[in-house]
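Written below as structure tokens is the structure these notes are about.
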Amino acid sequence: MLIYVHVPFCAHKCPYCDFNSHVRRAPDWRRYTAALIAELEWRLAQPQWHGRQATTLYFGGGTPSLAPVALVAEVMATLMRHRVLADDAEVSLEANPGSLDGDKLDGWRAAGVNRLSIGVQSVDAAQLRWLERIHSAEEGVAAVALAHARGWENVGVDLIYGLPNQSLAQWQRQLTAVMALQPAHFSCYQLTVEEGTPLARRHAAAPYPLPHQEQAAEMLLWTRSALAEAGWPAYEVSNYARAGMACRHNDGYWRYADYLAIGAGACGKYDCPDGGVVRYSNLRHPESYMARVEQGGDPAAERERRNRCEAAAEAVWLGLRRSDGIANAPFASRFGAAPLARFARALQPWLRRGVVTADAETVRLTEQGLLLADAVAADVLTDVA
Ligand code: SF4
């Protein structure tokens, strides 16, 4: 299984963000850390998690790098006490430029973190202002350099492309500049206007000149070929890594692994004996979450049950995001038939069109097929009868 820890606080709410993040002038870190530990202890005693080992741990947010190192250290100590983490576990932390320094970097490493994901987002001053990031381009570059100087090898950089008026050439210059920093990993996501965000409201009032579909597709395909050529092949639609440096935690999501999630708004998932799955999501508001945990209650606000057919469709939808696709044998042993046989009605037309490709071992999207990933997924998700 995987373990996810959500840290929901941010210094400023970016207008495009639809994550569960909340701005607090001075978060009560002691109280939040105590709630995390209490929830973790409670969940580890539940039958679906009890006695299992975790291969990865991920501190995501929000902005986990705003938290004192003690939050990370106390979660780690709890997991050690319960002997939950595998000896070679990948332990990742999301860090934002502007909220990390040498002491924190050293403290996280001493606590057991061995992978950083740094939210650089852009190295263009005007774009960073538009995104309302709290850091400059120079601080983004300096954060990666500082992590390297402090001995971190497994450092990922997160970038956003497809901003208003951004040309392919401008994106090419940016990515090339960041490649020079030699991170181990890249996550490059196209800006999307998410419903309910300030960006969506502004865009509805006066539309931004965002790249159209063909331009965005051109940016994605160029990114994939340029990074592959330079030694960071894609292992997922938007994620790229040096050999052996793929994020095992995120890859676990796409492989449909179970994940125990704790924290305000955290979403977890576990398999059921009948082949279905349960998904739960915690109360999103940090104060409500802490109060519920302090009262000894289950902090989940929602719980959804998927039957075996629905779970199989989800596993295909997620697995097709991986460059290696879905391995037929484990899928068949879990769901009774390989993906192409189980979802023949949805997948065969895409196979004939060259969007999906298959051999005896796997089924996956072709490089051009990546652009139609959402349409393929929609067909699979409706083919559950
Ligand atoms: S820093 Fe990240 S989580 Fe926080 S508001 Fe910005 S995009 Fe959202």
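The values are calculated or read from the model by the stated rules, or taken from the named source; none is laboratory data. No experiment lies behind these values; they were computed from the predicted model shown. Positions of Cβ are generated from backbone atoms using ideal geometry, with glycine treated the same way; all protein chains shown enter the neighbour counts.
Among what's in the range 51-75 and is more than 27 Å from CYS14 (Cα to Cα) and buried (at least 20 other Cβ atoms within 10 Å of the Cβ), pick the residue that is farthest from the chain's Cα centre (by Cα).
So the residue we want is VAL75.
For the range 138-176, which positions are polar (S, T, N, Q), in a loop (DSSP other than H, G, I, E, B) and on the phi < 0 side of the Ramachandran plot?
Within the range 138-176, the subset polar (S, T, N, Q) is 154, 165-167, 170, 172, 174, 176.
Still in the list and also in a loop (DSSP other than H, G, I, E, B): 154, 165-167.
The answer is ASN154, GLN166, SER167.
Going by the conditions given, is GLU90 within 16 Å of the ligand (Cβ to nearest atom), in a strand (DSSP E or B) and at pLDDT 95 or above?
On the way: within 16 Å of the ligand (Cβ to nearest atom): no; in a strand (DSSP E or B): yes; at pLDDT 95 or above: yes.
The answer is no for GLU90.
For (1) in the same structural domain as SER92 (by TED's automatic domain parsing); (2) touching a residue at least 60 places away in the same chain (Cβ under 8 Å); (3) farther than 15 Å from LYS269 by Cα; (4) within 15 Å of the ligand (Cβ to nearest atom), each residue gets a yes or a no:
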{"residue": "PRO15", "(1), (2), (3), (4)": "yes, yes, yes, yes"}
{"residue": "ASN20", "(1), (2), (3), (4)": "yes, yes, yes, yes"}
{"residue": "ARG24", "(1), (2), (3), (4)": "yes, yes, yes, yes"}
{"residue": "PRO27", "(1), (2), (3), (4)": "yes, yes, yes, yes"}
{"residue": "ARG31", "(1), (2), (3), (4)": "yes, yes, yes, no"}
{"residue": "ALA38", "(1), (2), (3), (4)": "yes, yes, yes, no"}
{"residue": "TRP49", "(1), (2), (3), (4)": "yes, yes, no, no"}
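So LEU79 ticks every box in (1) under 21 Å from ARG279 (Cα atoms); (2) more than 16 Å from the ligand (Cβ to nearest atom) but one. Which box is left unticked?
(1)
Quick check on this structure: which one of LEU100, LEU116, LEU105 is buried (at least 18 other Cβ atoms within 10 Å of the Cβ), touching a Lys or Arg at 6+ places or on another chain (Cβ under 7 Å), free of Cβ contacts under 8 Å to residues at least 60 places away in the same chain and closer than 15 Å to LEU66 by Cα?
LEU105
Quick check on this structure: which one of ALA313, ALA301 is in contact (Cβ under 8 Å) with a residue 12 or more places away in the chain, within 21 Å of the chain's Cα centre (by Cα) and surrounded by 15 or more Cβ atoms within 10 Å (Cβ to Cβ)?
The unique qualifying residue is ALA313.
Give me the pairs, please: first residue somewhere in the range 368-383 and in contact (Cβ under 8 Å) with a residue 24 or more places away in the chain, second residue anywhere and exposed (fewer than 15 other Cβ atoms within 10 Å of the Cβ), beta-carbon distance under 7 Å, and either six or more positions apart or on two chains.
ASP383/ARG345
Report, by residue number, each residue of the range 221-245 that is within 18 Å of the chain's Cα centre (by Cα) and more than 19 Å from GLN182 (Cβ to Cβ).
GLU236, VAL237, SER238
Hey, can you tell me all the residues within the range 177-221 that are over 27 Å from LEU372 (Cα atoms) and assigned to a loop (DSSP other than H, G, I, E, B)?
Hits for the range 177-221 are ALA180, LEU181, GLN182, PRO183, ALA184, ALA206.
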